[in-house]
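Data block below; observations after.
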Amino acid sequence: MVVNNAGIRRNSVLALMPESDWHRVLDVTLSGFYNVTQPLLPAMQLHKFGRIVNMASVSGLKGLPGQTNYSAAKGGIIAATKALAQEVARRNITVNAIAPGFIKTDMTEGLDEEALKQQIPMRRFGTPRRWPMP
């Protein structure tokens, strides 16, 4: 099983975003997916079995202001997941994406939590917990 969970934030409105922030976010997310997944695919195909899970984001589904680069990267992960799933399904390899909501981590520090909670049905951010849960 492969879990692609790489991602970083470099928030800024696109008009003021340094090119380096654009490239860094896309490189970590999309190139990270490629660099981890591509070398493992031949063995999965040979064994006719594999599980690939890609961490996307609600930002990749609907976009968020100030996160054009992050939304583009996570949207790319969603599109790559769909395409790769079609390529490898006949070899019993599944490819899925998970798009969690907002989780209280260092990735969400500095975001307007109160405003974002209004978009969440439960009106709260999730909290990380270690498995197994108590």
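The values are calculated or read from the model by the stated rules, or taken from the named source; none is laboratory data. From a predicted model like this one, the values you see are computed outputs, not experimental measurements. Neighbour counts are summed over all protein chains in view; Cβ atoms, including those assigned to glycine, are modelled from backbone coordinates with ideal geometry. Quick note on the areas: whole protein, heavy atoms, side chains included, nothing else; ligands and nucleic acids left out. Shrake-Rupley method; radii C 1.70, N 1.55, O 1.52, S 1.80 Å.
Do we find that G76 is over 22 Å from D106 (Cβ atoms), of a type outside the set (S, T, N, Q) and either open to solvent by less than 40 Å² (accessible area, probe 1.4 Å) or in a helix (DSSP H, G or I) (or both) in this structure? Walk me through how you get there before you give the answer.
Numbers: over 22 Å from D106 (Cβ atoms): yes; of a type outside the set (S, T, N, Q): yes; either open to solvent by less than 40 Å² (accessible area, probe 1.4 Å) or in a helix (DSSP H, G or I) (or both): yes.
So G76 fits the description; yes.
For N69, are the conditions met, namely being in contact with an Asp or Glu (Cβ under 8 Å, 6 or more places away or on another chain) and open to solvent by less than 70 Å² (accessible area, probe 1.4 Å)?
Details: in contact with an Asp or Glu (Cβ under 8 Å, 6 or more places away or on another chain): yes; open to solvent by less than 70 Å² (accessible area, probe 1.4 Å): yes.
It is true that N69 is in contact with an Asp or Glu (Cβ under 8 Å, 6 or more places away or on another chain) and open to solvent by less than 70 Å² (accessible area, probe 1.4 Å).
Name the single residue that is most open to solvent (accessible area, probe 1.4 Å) among those in the stretch 20-56 being of a type in the set (D, E, K, R) and more than 14 Å from Y70 (Cβ to Cβ).
Applying the first criterion (of a type in the set (D, E, K, R)) to the stretch 20-56 yields 21, 24, 27, 48, 51.
Within this subset, residues satisfying the condition of being more than 14 Å from Y70 (Cβ to Cβ) are 48, 51.
Values: K48: 119, R51: 69 Å².
Applying the filter and picking the extreme gives K48.
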Subject >> Lone qualifier among G101, G110 - being within 29 Å of G50 (Cα to Cα) and assigned to a loop (DSSP other than H, G, I, E, B) >> reply: G101
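If you check V95 against the conditions, is it within 14 Å of V3 (Cα to Cα), aliphatic (A, V, I, L, M) and surrounded by 15 or more Cβ atoms within 10 Å (Cβ to Cβ)?
Numbers: within 14 Å of V3 (Cα to Cα): yes; aliphatic (A, V, I, L, M): yes; surrounded by 15 or more Cβ atoms within 10 Å (Cβ to Cβ): yes.
Spelling it out, V95 is indeed within 14 Å of V3 (Cα to Cα), aliphatic (A, V, I, L, M) and surrounded by 15 or more Cβ atoms within 10 Å (Cβ to Cβ).
Looking only at residues that are in contact with a Ser or Thr (Cβ under 6 Å, 6 or more places away or on another chain) and not basic (K, R) in the stretch 65-109, which one is nearest to R129 (Cα to Cα)? Step through it out loud before you land on a result.
We begin by selecting, within the stretch 65-109, every residue in contact with a Ser or Thr (Cβ under 6 Å, 6 or more places away or on another chain); these are 67, 70-71, 73-74, 95, 97, 99, 102, 104.
Those left that are additionally not basic (K, R): 67, 70-71, 73, 95, 97, 99, 102.
On the way: Q67: 26, Y70: 24, S71: 25, A73: 26, V95: 24, A97: 20, A99: 17, F102: 14 Å.
Checking each candidate, the answer is F102.
Considering the stretch 108-131 alone, what residues qualify as being over 16 Å from G66 (Cβ atoms) and loosely packed, with under 13 Cβ neighbours inside 10 Å? First the steps, then the outcome.
First, the residues of the stretch 108-131 that are over 16 Å from G66 (Cβ atoms): 117-118, 120-131.
Passing the criteria: Q118, P121, M122, R123, R124, T127, P128, R129, R130, W131.
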Original post:
In the stretch 82-90, is there at least one residue being surrounded by 13 or more Cβ atoms within 10 Å (Cβ to Cβ), touching a Lys or Arg at 6+ places or on another chain (Cβ under 8 Å) and over 25 Å from A115 (Cα atoms)?
Top reply: no
**OP:** Show the residue pairs that are 6+ apart or on different chains and have beta-carbon atoms under 8 Å apart, the first residue being within the stretch 112-134 and more than 13 Å from P100 (Cβ to Cβ), the second being open to solvent by 100 Å² or more (accessible area, probe 1.4 Å) and not in a helix (DSSP H, G or I).
**Re:** K117/R123; K117/R124
Original post:
Checking S59 against (1) at pLDDT 95 or above; (2) surrounded by 17 or more Cβ atoms within 10 Å (Cβ to Cβ); (3) in a helix (DSSP H, G or I), which test does it fail?
Top reply: (1)
Subject >> Scan of the stretch 1-39 for residues that are within 23 Å of T108 (Cβ to Cβ), within 14 Å of the chain's Cα centre (by Cα) and of a type in the set (G, A, S), ordered by number >> reply: A6, G7, G32
